[in-house]
1. Could you pull the Rg and Dmax for segment B:261-315, using just the Cα atoms, both in Å?
2. I'd like the GluC sites (Glu not before Pro) in segment B:274-331 restricted to DSSP loop residues with at most 14 other Cβ atoms within 10 Å, sorted by number.
3. Taking each label point as 7 Å beyond Cα in the direction of the beta carbon, state the distances from A:Glu314 to the same residue in the other copies, shortest first, in nm.
4. Under 5 Å between amide H atoms, partner at least 5 residues away or on a different chain: which partners does A:Ile328 have, H built in plane at 1.01 Å?
5. Output the relative contact order of chain A, whole-number percent, from Cα pairs under 8 angstrom with separation of 6+ residues.
6. Hey, can you grab everything whose amide H is under 5 Å from the amide H of B:Val333? Only 5+ residues off in sequence or another chain; H modelled, so Pro and N-termini drop out.
7. Keeping every protein chain present and rolling a 1.4 Å probe, give me the accessible area per residue for segment A:174-306 in Å².
8. How far apart, in nm, are two points set 7 Å out from the Cα along the Cα-to-Cβ line at A:Glu181 and at B:Lys44?
There are 2 protein chains.
Amino acid sequence: MKRKVTLKQIAKELDVSISTVSKSLKDSTEISEDTRLKVQAFAKLYNYKPNNIALSLKNKKTKTIGVIIPEIVHHFFATVISGIEHLANENGYNVMVCLSDESFDKEVINMEMLANGSIDGFILSLSKETQLKRDFHHITEIINQGMPVVMFDRVTNDILCDKVIIDDNLAAFNAVQTLIERGMKKIALITTVDYVSVGKLRTDGYIKALKTNDLKVNNELILKIEDIDNCENLIEDLIKNNKIDAVFAVNELFAVTAIKAASKHNIKVPEEMSVIGFTDGIISKYASPSITTVSQNGIKMGEKAAKMLIERLESDEWDDEQFKTEVIETHLVERESTK
Amino acid sequence: MKRKVTLKQIAKELDVSISTVSKSLKDSTEISEDTRLKVQAFAKLYNYKPNNIALSLKNKKTKTIGVIIPEIVHHFFATVISGIEHLANENGYNVMVCLSDESFDKEVINMEMLANGSIDGFILSLSKETQLKRDFHHITEIINQGMPVVMFDRVTNDILCDKVIIDDNLAAFNAVQTLIERGMKKIALITTVDYVSVGKLRTDGYIKALKTNDLKVNNELILKIEDIDNCENLIEDLIKNNKIDAVFAVNELFAVTAIKAASKHNIKVPEEMSVIGFTDGIISKYASPSITTVSQNGIKMGEKAAKMLIERLESDEWDDEQFKTEVIETHLVERESTK
DNA sequence: TTTCAACACGAAAACGTTTTCGTTTCATTT
DNA sequence: AAATGAAACGAAAACGTTTTCGTGTTGAAA
C-alpha cells in the first residue's frame, strides 16, 4: 500500500526544499533545468498529485458547488442535477448533493454544514416546508456572508439572488388554452396545495385561461392535493362524479393517475377525455396512452443554474449586484392523451 | 456583508491567543470560566463555525463520500443515491456525486479528481465502457493508496473490495420459474449485451430456469439490445414474429416497450402474453397494465453500501482485510402484467 | 522565606500547498 | 580588486484549525 506522496516527502527524498519542488512542478524558470527535470521525473514516478484540501485552504476556493434539493428520486430533480453536474464538470467544479426531504430543518442544517467552507456556492430549490413557513433567514444569511446562491424552480421573491425558472403561469395558461381551442369546456385541474410556489402559479394560469375564454371557474373541478401518496381516491372521485372534458394536471403523477381512474370507469382517453400533464418525464412517455405534457427541461435548468453560479464565482467578486432571473422555455409535447 | 469569522479574528478582538479561543470553545478546563464565557459569548454573537476545510486538512478526514455512477436520470441510480445520502447524513458525512456517463475516461478522471484528498472513500458502480474494456487499474490503484471502495450493482470479480449486489442470477431464475409454473412455455428474453455484468447474470438465470424445466433455449427468443434508445423496432419484431407466451425483460424500459408493442399488435397483456420486468421503478408502477417486476431495492443498496464504507472508514484502519459482499434480497412484485 | 502545585494562558508545530522575499554563489563588468 | 547582477535555491508566511508543551503567576505548604 503506497500512500499518496507530498511535496515534503519529495523534497526530503531529493534533498531540496519544498519550494524548489513546488516551483519545479510548475515549470518555474527560477529553477535550473537539471533540478526541474529531476523533480518532475521523481514526481511522475511516484504519481504526485497536489492535495485538493490544501489547495482549497490556500486559495479559499473549493471548486465545489453545493446543491440542495427536496428529493432525488424524482425525474425532474434528477435531470436538473444531471445538468448541473455536466456543466460543473466542464468547468472543473465538483458537486455536493444534499437532500432536504421537503423538510425545513434538514434544509437549514445541510446548508449551514456546507456553508462552512466546504463549497463555493449554492444551487437550491426550496423544500415544501420552507415554502409553507416562508422562513428564509438561513438563505439570506448565507448570501450576506458573501456566498453566491442560485435558486431554481421553487423560488421566492423574498430572496434576492440569481434564479432559474420556467414561466409556470404562462405554460399552464397555454396548455389550458390549447384544450379550450380544441373544444373542451369542462376542464378539471389537479394541483398541489397553494403554498407550493409552482403549483400556485400553474393554478393561476389555469384560472386565467378559463377567464380569458369566458368560462366559469368551477371550484368542484379544482382538486388541491396535499398528500401525494394518497391521491388515487380523490382523483377517482373527481373524475367519476363530474362529466369532465379534460384534465390539466400540474405534474405527471396526477396526470397518469387521472388516466388510470378514467380507464377504470371506462372513460376513453383521449376520445372522451383529454389529459395534459406537466413536467416531461418518464411516466408521460411510457404511460398508455402516452401523455401530452408541458415540457420542463431540467437539464437546461441545471446547466443554466450552474452557469450563472460559476460566472458569479469567477467574476471579480460582486462587481455586479444585479441579480438575474432566467426563464427557460417550455412547450407542449403532444402525445396520445389529447386529441 | 459580514464575512465568516475565524479563530484568529476572535483572538485579536478579545486580545487573547488563538489557542485560548479554540480551547474556550471546546470547554477546556484549562481556561478560566471568565475568559471561557467571554469567548463563547463573542463567538456566538458572530456566529462562529469552524472551517471545514481547515479541519479536513488537520484531521486528514473530509467526512465526505464520493459516489461515481453511470447516470443519475435513471430511477434505480437515483434511489441508490437517496439511500447513500440519508445514511451518510445520519453519520455526519456529505456526498459528492460524479457521473461517468457510461464512459471509461470520465470515470477515471472523476475518480482521480476526487481521490486527491477531496473524499474519504468511494461508492461506485461501473460504467458500461469500463465493463467492456475490463480495465480497472484506476480503481485498484486508489484502493492500493489506502482509500476504501465499495462497489454496487455493476461489480467485477477483478477488484477486491466490499460489494453490494442483488443475486441477479437467482432473481431472474425465480422470475422465469414463476412464468413456467403458470404454464408459459414460449418465454422470450429481452436483455442487454453480455458485457454488462448484471445483464449477463440475468440472462444466465433465464437460461438456467428453462433448462431446469427441460425447455429448449431458443436463440430466436433471446434479444440482446446494445443501443437502448432504439429498441422499439427490435422488440416489436420479436413479438410480432413469434407467438410468445411471456416476456422476461432485464429492465423496466424493455418491459414497457414490449407491452406497447404487444398492444400495437392487439396482443392482450396478460391474457395472451405475460410480462415480467426487472427493477421496481416508476414505469412499472404507472404503466398500463402495471408491470410485474423483480424488485431491486435501490434505497437499501445505497444504505448498505454507505454503511459498509463508513464502517471501514471508522474502524481502526484496515484491521480486517476480509472484504464482504452483501446480497440484497429481491422479490417478485406482482401487478397486472402477469396472470 | 523558599518550594511546589495548580492555574491560566501562549507559542509553536502540524496538515499540504503557493508565493514572496531573501540569500548564497559565481561570473562579469568597472 | 571591488562592485554589480543574474542564477538557483531556501526560509517563511499564509490559509484555519487542534493540540502539545512550555511559561509565568499565584497561593499555600514546608
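The values are calculated or read from the model by the stated rules, or taken from the named source; none is laboratory data. The structure displayed is predicted, hence computed values, not measured ones. Note that we place each Cβ from the backbone using ideal geometry, even for glycine, and neighbour counts take in every protein chain shown. The area values use the complete protein model at the heavy-atom level, side chains included, leaving out ligands, DNA and RNA. Shrake-Rupley method; radii C 1.70, N 1.55, O 1.52, S 1.80 Å.
1. Using the Cα atoms of segment B:261-315, the pair Rg, Dmax is 18.0, 59 Å.
2. Passing sites in segment B:274-331 are B:Glu317, B:Glu321, B:Glu329.
3. Spacings between copies for this position, smallest first, are 3.9 nm.
4. Residues meeting the amide H criterion: A:Ile165, A:Ile166, A:Asp167.
5. Details: 593 pairs, mean separation 57.5, N = 339.
After rounding, I find 17 percent.
6. B:Thr293, B:Val294, B:Ser295
7. Working: 5500 Å² over 133 residues.
I get 41 Å² per residue for this part.
8. So the two model labels end up 6.3 nm from each other.
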